[in-house]
Amino acid sequence: MSDQQVGGYAGKILRVNLSDNSTAVETPDAPFLRKYLGGASLGTYFLWKELEPGVDALGPDNKLIFAAGPLTGIPLPGSGRNCIVAKSPLTGGIAKSEVGEFWGAEMKRAGYDAIIVEGKAEKPVYLCVNDGEVSIRDAGHLWGKNTKEAQQMVRAKLGDDKIRLALIGPAGENLVRYACVMNGLYDAAGRGGTGAVMGSKNLKAIAVRGHQSPAMVSSRPIPELRKWLKENWETLRGFWEYGTGIGMDGFEAVGNLPVRNFRDGLFPSVKKIDAPAVMNNIGIKMDACFACTVRCKKVVQVKKPYVVDPAYGGPEYETLASIGSNCGIDNLEAIAKGNELCNAYSLDTISIGEVIAFAMECFENGLLSTADTGGIELRFGSTEAMLKLIEMIARREGIGDLLAEGVARAAQRIGKGAEAYAIHVKGLEAGMHEPRVKLGLGLGFMVNPHGADHCCNLHDTMYTNVADWRGKEMAHLGMPGPFPADDIGPRKVALFRFVQSKLIVFDSLVVCQFLPYSYEQINGLLSAVTGWDTSVNELMRIAERTLTMARLFNLREGLTAADDKLPQRFFQPKTDGVLADKALDPEKMELARRYYYTLMGWDEETGVPRPEKVEELEIS
């Protein structure tokens, strides 16, 4: 490691301008890296600093930023991730999405901490990065291919089956506003439409290959954390055995499972589609991201009545709920097929499920007819309708062209009260979790800069136990529990702010949110790897800066406090189940929103960051 290089970093940022086929390399200094770390924070900085106000999210002036962090690629579970940031074609604000697999670690091994893509190619291209060498190559033969076909063709052309690809399928090419970027074939940077941005640049894929891992100042905490994970394995056993979705029946029992577009509460056949059902009936193995022993990713195979290719992995919780219970569907094989189609076309499974559920409710209430749908009976529970719509949306055929715009735009065009069935915040379809159960999550849906994001959010039911690792961490940091899930008072708002900040730090380092590392463990690891003497307070300040930059970006793009609002459905009871007589209190949610603004140093009415806060955070 050279005297100038910081431990954990490759030390270079690659810029690629597709309009003129130029590339440039930047070498950020240590103070810059310490201020912005990587991942979410680094991407947010470049978007805020460099994007001209009002650019078209699907135009050549948008930027598409792929960023790793100082902990990406170290030999520790949870380190195999990268972040993608752009202006969102769904919300008009910032899009941020994290993704696993091996791509982020391989990008760093290839010599770069981040790749910033600018401009638009005249014709389809893909980017090849191999041990620091960069080339822009013709992708005419790849355009129109699904992700598996494209990956196979690139690897064959380059003669290396260990090349890692971040790529899009036809949905990204067709600018479906919630198209995603796939790392490989079953790891998706799902949220916000980054795949549409990639398609708008005529960029099919970024292929990376490298052989040099960034040096670390010290690796001392790594074996200690591995040992700690082994000693606390029961915390992760469910993920290891089944992946996400193991608690779906419990979710249904307490009202947290979205059913028929968040309208209903009861889904008696939930055990037909939960994670144990997946692994016991169609699962063939569990798979892992880079260096991870948790192996939480399901791989499935189906031979009838649908053929499902195991190369595309298998459905996780968000998918099981979104195109399952939220569409009234309990056919496991059909859900697995829907998941395969989404990964092949590069579609966000959360948004696609919410869009289809929205269309089904519109159809059942007479807002859409078979004349609109091309003869399809869009009724809850119809596997045929669900699978057909995925293909029509990816190809923008028939009603799929309208639904490819997302629920917010589709509802506006349909009119006739369709907005009542559009479950989104700022244009981003809601994650598969229930704010009427998790009130802090509801606040997060409101104020997160990316929209109704379930990731950088508080899942209230995880903080009701003072004895588990979360409760112990909060007590150690001076915020002892318990925190009732149905509370949204000042202590809960403060808890949400803490959890949101911690997860922003994870997304900047970049570390998987599923790993139960504490703030102090992560800080100790960062200090050892980089050689910096960081603190938990410093990391929290980085998160605060990142969130405030994102807020300033959104304000500049026209989003205001008026956009920090939940769909009206969450202020109404469900039709049945435990939430049949419960709904959010709009006054309490409004007070929580204002208090969050205050805690962030923003104006409590407008949510505009106060000048003194901007100065304190050194945002320029």
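Please treat every number below as a calculation from the coordinates, not as lab data. Computed from a predicted structure; not experimentally measured. When we count neighbours, we look across all protein chains shown, and the Cβ atoms used for this are built from the backbone with ideal geometry, even at glycine.
At a 10 Å Cβ-Cβ cut-off, how would you order Phe358, Phe102, fewest neighbours first?
Details: Phe358 29, Phe102 20.
Exposure proxy ranking, most exposed first: Phe102, Phe358.
Excluding Pro480 itself, calculate the net charge of residues whose Cβ lies under 12 Å from the Cβ of Pro480, where each Lys or Arg counts +1 and each Asp or Glu counts -1. Can you show the working numbers first?
Working: positive: Arg470, Lys472, Arg491; negative: Glu473.
So the surrounding residues net to +2.
For a quick protection proxy, order the peptides 229-237, 131-139 by their average other-Cβ count within 10 Å, most packed first.
Taking the mean over residues of other Cβ atoms within 10 Å, the ranking is 131-139, 229-237.
Can you compute the FRET efficiency between Gln301 and Lys272 using 1/(1 + (r/R0)^6), with r the Cβ-Cβ distance and R0 = 25 Å? Round to the nearest 0.05. Walk me through the numbers on the way to the answer.
Numbers: r = 18 Å, r/R0 = 0.72.
In this case the efficiency is close to 0.90.
Which of the GluC sites (Glu not before Pro) found in segment 340-440 are in a DSSP loop and have at most 12 neighbouring Cβ atoms, other than their own, within 10 Å?
Numbers: sites: Glu340, Glu354, Glu361, Glu364, Glu377, Glu384, Glu391, Glu397, Glu405, Glu419, Glu429; in loops: Glu377, Glu397, Glu405.
Sparse-neighbourhood loop GluC sites (Glu not before Pro): Glu377.
Kindly write out, for segment 343-354 in residue order, the coupling ³J(HN,Hα) from the Karplus curve 6.51 cos²θ - 1.76 cosθ + 1.60 (θ = phi - 60°), rounded to whole Hz, with x marking Gly and Pro.
Values, residue by residue: 5, 6, 8, 6, 10, 5, 5, 5, 4, 4, x, 5 Hz.
Kindly flag which residue pairs out of Lys285/Lys426; Lys145/Lys285; Lys271/Lys574; Lys162/Lys388 have an alpha-carbon separation exceeding 29 Å in this structure. Before the final figure, lay out each step's value.
Details: Lys285/Lys426 38 Å; Lys145/Lys285 27 Å; Lys271/Lys574 21 Å; Lys162/Lys388 34 Å.
Those over the limit are Lys285/Lys426; Lys162/Lys388.
Please compute the contact order of the chain in relative form: average sequence separation of alpha-carbon pairs under 8 Å and at least six residues apart, divided by the residue count, as a percent. Before the final figure, lay out the partial values.
Values: 1459 pairs, mean separation 96.1, N = 620.
In percent, rounded to a whole number, it is 15.
For the chain, what is the mean residue ellipticity at 222 nm derived from helices alone (per DSSP H run of n ≥ 4: -39500 (n - 2.57); sum divided by total residues; nearest 500 deg cm²/dmol)?
On the way: 24 runs with 237 residues, N = 620.
Using -39500 (n - 2.57) per qualifying helix, the result is -11000 deg cm²/dmol.
GluC sites (Glu not before Pro), restricted to segment 564-620: which are DSSP loop and have at most 12 other Cβ atoms within 10 Å?
Details: sites: Glu587, Glu590, Glu604, Glu605, Glu612, Glu615, Glu616, Glu618; in loops: Glu604, Glu605, Glu618.
Passing both the DSSP loop test and the Cβ count: Glu605, Glu618.
Using 1/(1 + (r/R0)^6) with R0 = 25 angstrom and r between the beta carbons of Asn21 and Glu50, what's the FRET efficiency to the nearest 0.05?
Details: r = 20 Å, r/R0 = 0.79.
Computed FRET efficiency for Asn21 and Glu50: 0.80.
Suppose every Lys and Arg Cβ carries +1 and every Asp and Glu Cβ carries -1, with no other charges. What dipole size does the chain come out with about its Cα centre, to the nearest 20 debye?
The calculated dipole for the chain is roughly 840 debye.
Find how much the distance from Gln5 to Ile284 grows on full extension, using 0.36 nm per residue of separation minus their present alpha carbon separation; answer in nm with one decimal.
Length difference between fully extended and current span is 96.1 nm.
If each of His211 and Gln521 carries a label point 7 Å out from its Cα toward its Cβ, how far apart are those two points in nm?
Between His211 and Gln521, the label points sit 3.5 nm apart.
Starting with the fewest neighbours, write out Thr349, Thr548 ranked by other beta-carbon atoms found within 10 Å of each beta-carbon.
Numbers: Thr349 27, Thr548 23.
So the ranking, lowest neighbour count to highest, is Thr548, Thr349.
Tell me which label goes with the value of P(r) over Cα pairs in 20 Å bins from 0, in percent computed from the coordinates here: [x] 19, 46, 28, 7, 0; [y] 21, 59, 20, 0; [z] 18, 50, 27, 5, 0.
Among [x] 19, 46, 28, 7, 0; [y] 21, 59, 20, 0; [z] 18, 50, 27, 5, 0, the one derived from this structure is [y].
Of the options Phe553, Val300, Leu175, report the single residue whose Cα projects farthest towards the positive end of the charge dipole of the chain (beta-carbon charges: Lys, Arg +1; Asp, Glu -1).
Val300
Would segment 472-620 count as rounded, prolate or oblate if I go by the C-alpha gyration tensor, calling it rounded below 1.5 in a/c and otherwise prolate when a/b exceeds b/c, oblate otherwise? Before the final figure, lay out each step's value.
Numbers: a/c = 2.17, a/b = 1.33, b/c = 1.63.
Here segment 472-620 falls in the oblate category.
Sort Ile376, Ile168, Ile542 so that the residue with the fewest other Cβ atoms within 10 Å of its own Cβ comes first and the one with the most comes last.
Fewest-to-most Cβ neighbours within 10 Å comes out as Ile376, Ile542, Ile168.
For Ala475 and Thr293, calculate 0.36 nm times their separation in residues minus their Cα-Cα distance, and state this gained length in nm to one decimal. Show your work: numbers first, answer last.
Values: separation 182, 0.36 × 182 = 65.52 nm, distance 2.87 nm.
Extra length from Ala475 to Thr293 when fully extended: 62.7 nm.
If a paramagnetic tag sat 7 Å from the Cα of Arg155 along the Cα-Cβ line, which residues of segment 298-319 would have the backbone N under 19 Å from that point?
298-301, 308-314
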